[in-house]
Amino acid sequence: MDVKAIRQGLATAAGTITTLRCYRTLPGAINPPAFAPVELEMAYHNTFSNARGLTDVTFTCGVYVPDTDQGSDLLDGFMAETGAGSVAAALEADKTLGGVAKTLIVQKVRGVGRLYDVGDTQYLGGMIDVRVWA
């Protein structure tokens with residue numbers, strides 16, 4: 001599994017939303033609205049055989065907007081299940097992320113409306129959990 005390639009695949013997929021700036025990793029400063037995979041949890045050997053099997057990774061991806069009424073409206077669109085601005089729909093449009101994964105599913109959205117620190121600035125945001133098999 002190439003974690004770097006999967007992070008890039010997630011950023012590229014989310015980047016199909018033209019108003020969203022997407023990063024492969026969360027930099028110390030962002031220009032919102034922004035998306036980035038921020039952490040991951042990995043489970044190895046997910047088949048019952050002597051072979052290595054699939055690796056199952058859950059990426060937590062952050063979406064950050066300005067802490068304003070307009071930012072809140074943007075965030076609602078990014079966190080929607082469907083629609084032109086839906087991050088979930090953008091991520092699931094190509095479940096192989098250009099061939100670097102077997103498949104993926106957007107599992108849940110959480111923490112929407114909280115303030116998140118990125119560098120020295122607080123942004124309104126939310127987290128999207130994306131489960132990827134590779």
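Here's a check for you: in the stretch 9-18, which residue that is touching a residue at least 40 places away in the same chain (Cβ under 8 Å) and part of a helix (DSSP H, G or I) is surrounded by the fewest Cβ atoms within 10 Å (Cβ to Cβ)? Across the stretch 9-18, the extreme among qualifying residues is Thr12.
Whether any residue in the stretch 28-49 is over 16 Å from the mean Cα position of the chain (by Cα), aliphatic (A, V, I, L, M) and within 17 Å of Val118 (Cβ to Cβ) is what I want to check.
Of all residues in the stretch 28-49, those over 16 Å from the mean Cα position of the chain (by Cα) come to 28-29, 31, 43-49.
Going one step further and asking which of them are aliphatic (A, V, I, L, M), we end up with 29, 43.
Of the ones still in play, those that are also within 17 Å of Val118 (Cβ to Cβ) are 29.
For the stretch 28-49, residues over 16 Å from the mean Cα position of the chain (by Cα), aliphatic (A, V, I, L, M) and within 17 Å of Val118 (Cβ to Cβ): present.
Tally time: how many residues in the stretch 53-83 are touching a residue at least 60 places away in the same chain (Cβ under 8 Å), within 16 Å of the chain's Cα centre (by Cα) and more than 24 Å from Ala29 (Cβ to Cβ)?
To start, the set of residues in the stretch 53-83 that are touching a residue at least 60 places away in the same chain (Cβ under 8 Å) comprises 54-65, 78.
Keeping just the survivors that are within 16 Å of the chain's Cα centre (by Cα) gives 56-65, 78.
Next cut, more than 24 Å from Ala29 (Cβ to Cβ) only: 56-58.
Final tally of qualifying residues: 3.
Where a number appears in this text, it was derived from the coordinates with a stated rule and is not lab data. Predicted model only: the values in this text are computed from it and were never measured. Every residue, glycine as well, gets a Cβ built from its backbone with ideal geometry; the counts of neighbours run over all protein chains shown.
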